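Structure record follows, encoded as structure tokens.
The values are calculated or read from the model by the stated rules, or taken from the named source; none is laboratory data. The structure displayed is predicted, hence computed values, not measured ones. All Cβ positions, glycine included, derive from the backbone under ideal geometry; neighbour counts span all protein chains shown.
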Amino acid sequence: METTIQTNDANHPGGAAAAAHDSAFLRACRGEPVPYTPVWFMRQAGRALPEYRALREGTPMLETCTRPEQVVEITMQPVRRYGVDAAILYSDIMVPLKAIGVDLDIVPGTGPVVAHRVRELSDLDQLRPLEAADVPYVSAAVGEVVRTLGSTPLIGFTGAPFTLASYLVEGGPSRDHTATKALMYGAPDVWHELLARLARISANFLRVQVEAGASAVQLFDSWAGSLAPADYDAYVRPHSEAVLAEVGTLGVPRIHFGVGTGELLGSMAAAGADVVGVDWRVPLRDGIERVAGRAVQGNLDPALVFAPWEIIADKSRSILAAGRSAPGHIFNLGHGVLPTTDPDVLTRLVDFVHAESAR
């Protein structure tokens, strides 16, 4: 496949985006009536599928993300296997940083590792603006996926400024984010400039995906749950707001998700999300109250899919019942699919959610 930028006109009545517009997933995002509760799974495209492992064998993660043919196939695998109501582009939150020249790699068993850690203003020179020409493989892959999906919508995504900042400051994954918080508190000028630059990069990366045909976007803030609410509001929320506001001009639903963010849900909703993801640590009814009128996504514990089917069905039924009090509900796990998940259980779960919610 030639890696040239191909855009999809969402306003064209014969286009794939027009066909996806009335899907159960996008209707739920907009808080409109749905024939059944739509379902997709975070990290559905990837590690739990044997066909994914076979395709990826011998190819580094970030290299795979630059190969449109592989991205299209991996993105489509869970749609074919599970019958989910939305696809999510196979990519990684570090792709836009790699594309602008940041010296980083994804190390198997460790995660993203950054060579030049951010400590002072001069360290931000590595963060130039992202342009569409930096990621032609993303535009090409999105365009082909959208054509292949037909009426099934595609979700684009990016990392939120805080999570990207944490990797850049820590140099890799961190349990306690000590260096991140030290910079945040001790050098607020560096911190806010860092997050402002990352916000522009994230917004531009989402724009590339939407202009190529993505019907919705998700902003991942994997590490925001490490923050106290007051610190989130002071040091992080304005920058996530900037990303979501920029995407809001594109007319697609915006999903905002973080891990361990139960105490932050109200602020995450106020940052401009149309849909707020609720992880499994918060009862969905409580999450719905905290996001004040937004649609919600979630929130089955990813580990519960290893339980006997009767338990999975009972927990899912309870989540569906709770979701009825929200303006819109998208069934999902409370975080990503675990690597050893049985794909057949997820297929069965999709069928169950559709049948149970259509009653």
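Some notes on this structure:
- Scan of region 244-267 for residues that are under 16 Å from CYS29 (Cα atoms), in contact with a Gly (Cβ under 7 Å, 6 or more places away or on another chain) and either of a type in the set (Ser, Thr, Tyr) or not in a strand (DSSP E or B) (or both), ordered by number: LEU244, GLY248
- Test result for PHE306, aromatic (Phe, Trp, Tyr) and crowded, with 24+ Cβ neighbours inside 10 Å: no
- Residue pairs meeting the criteria (Cβ under 7 Å; at least 6 apart or on separate chains; first on the phi > 0 side of the Ramachandran plot and touching a residue at least 24 places away in the same chain (Cβ under 8 Å), in region 284-309; second crowded, with 23+ Cβ neighbours inside 10 Å and among the polar types (S, T, N, Q)): GLY298/ASN332
- Options VAL247, VAL259, VAL276; residue that is farther than 23 Å from GLU289 by Cβ and either of a type in the set (Val, Ile, Thr) or surrounded by fewer than 21 Cβ atoms within 10 Å (Cβ to Cβ) (or both): VAL247
- Residue list for region 75-134, filter: assigned to a helix (DSSP H, G or I) and of a type in the set (Phe, Trp, Tyr): TYR82
- Criterion: over 27 Å from LEU227 (Cα atoms) and at pLDDT 95 or above - qualifying residue of GLY272, GLY277, GLY328: GLY328
- Within the option set ALA45, ALA54, being part of a loop (DSSP other than H, G, I, E, B) and either touching a Ser or Thr at 6+ places or on another chain (Cβ under 7 Å) or farther than 22 Å from LEU26 by Cβ (or both) holds for one residue only, ALA45.
- Residues of region 222-244 classified as of a type in the set (Gly, Ala, Ser) and either closer than 19 Å to GLN297 by Cβ or buried (at least 23 other Cβ atoms within 10 Å of the Cβ) (or both), total: 4
So that you can scan it fast, the table gives a plain yes or no per residue for (1) over 30 Å from ARG53 (Cβ atoms); (2) touching a Lys or Arg at 6+ places or on another chain (Cβ under 9 Å):
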residue: GLY251; (1), (2): yes, no
residue: GLY293; (1), (2): yes, no
residue: LYS315; (1), (2): no, no
residue: ASN332; (1), (2): no, no
residue: VAL337; (1), (2): no, yes
residue: THR347; (1), (2): no, yes
